[in-house]
Amino acid sequence: MNNTFLTLPVKYLGAATVGLILAASASADSAKLMWSGNGHYYQRFDSYSVSWAAGKNKCETLGGHLATITSVNEQGFIDANIFNPKGSLYDWYHVGATKVSGQWQWVTGEAWNYTNWYSYDIYSDFLKISTLGVWYFGNDYAHFQGYICEWDYKNFIRSTVIPDINNNGVSELAALYWDTTKNLTTVQIMDPATSKTLSTHTFPASSGSSSDLVVLKNIETSNATPEIGALVYNGSVSSVQIKDVNHNLTIVKNITFLDATYKPKSINVAPDLNGNGSSEIVMLGTSKTTGKSKMEMRDSKTGAVLRSVVF
């Protein structure tokens, strides 16, 4: 990771600095950059004639959303860094706003209290931004250069409840999120009675939006505490990595599901089916070629396939 600090023009940020975290993907046309003003990451994708809806879907698939520009400072960061080098006034990119019942709204629900219009048409429903920084209206069709994605520092994906592990009579809460600074899937376990973090677990980041979390019965002999299982997908192999709720560094078990022709969608836990005292894990995946769904159930202790059904 390569960190550089730039000072933006005074008209936008004065003496504020911008941290640049260079983590560009192969399909992107700018580096993935962090703005110190909110800790969020931004990236430009060049894709001529892409629709607003397609850009929105792509950003969400990557774990983010179309960029929302809610202040002159945020606008300044994008102008100086995401659009560098500059294009022309007519190089337009999709960002995260559309009209709902005649009113402009950000896709995140943030307040609509900043605008930077170059031109405005009450009959158009999608927001574009020029590489020169000004805004323009448009419809959801061709002749746009691409889109800009934005990610929070912690992109929360899933939460669940864990049986009491610190013996205070209160069940714990677990939240799974994608840590964009480290490119890891992270599970944070907290005691809701004290708001204290009891443990934090890291797992390899999953490709696309394939991330999920389950709580399992204990499968170890050294203790009686529950386990947590996280869905891990690298683009070809789907697996569930299992760890003890109190120990991040030790992988209790890693179970491979489905085959490379399927992309995982979710995992769930099922009651003990084969009578060995352990939970079963059910993974749902979608065929990359036919679009059909497949459910595969495996034993969390042995990894053996118990059921496999194609829908």
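No value in this document is a laboratory result; all are computed from the given coordinates. All values reported here derive from a predicted model rather than from experimental measurement. Methodologically, a virtual Cβ is constructed for each residue, glycine included, from the backbone with ideal geometry; neighbour enumeration extends over all protein chains shown.
Can you tell which of VAL252, SER236, PRO163 lies farthest toward the positive end of the dipole of the stretch 154-310, using +1 and -1 charges on the Cβ of basic and acidic side chains (Lys, Arg; Asp, Glu)?
SER236
Taking a threshold of 24 Å on the Cα-Cα distance, which of the pairs LYS154/LYS243; LYS32/LYS58; LYS99/LYS263; LYS56/LYS263; LYS265/LYS292 fall above it?
LYS99/LYS263
Using Cα pairs closer than 8 Å and at least 6 residues apart in sequence, work out the relative contact order for the stretch 154-310, in percent.
13
Using a 7 Å offset from the Cα along the Cα-to-Cβ direction at both ASP164 and HIS247, what is the distance between the two label points in nm, to one decimal?
2.4
Non-local amide H neighbours of SER30 (under 5 Å, H modeled in plane, Pro and chain starts lacking H): which ones?
Hits under the 5 Å cutoff: ARG44.
At GLU220 and SER71, where each label point lies 7 Å from the Cα along Cα→Cβ, what is the point-to-point distance in nanometres?
4.4
Net charge near PHE311: determine it from the other residues with C-beta under 9 Å of the C-beta of PHE311, scoring Lys and Arg +1 and Asp and Glu -1.
For residues surrounding PHE311, the net value is +2.
Could the peptides 298-308, 228-238 be put in order, highest first, of the mean number of other beta-carbon atoms found within 10 Å of their residues?
Sorting 298-308, 228-238 by mean packing, highest first, produces 228-238, 298-308.
Using the Cβ atoms and a cut-off under 15 Å, what net charge is assigned to the surroundings of LYS294, where Lys and Arg are +1 and Asp and Glu are -1?
Here the charged neighbours net out to +4.
By how many nm would the segment from ALA304 to TYR118 grow when fully extended, if each residue of separation counts as 0.36 nm and the alpha-carbon distance is taken off?
60.9 nm
When the convex hull of the C-alpha atoms of the stretch 147-274 is computed, what volume per residue in Å³ does it have?
125
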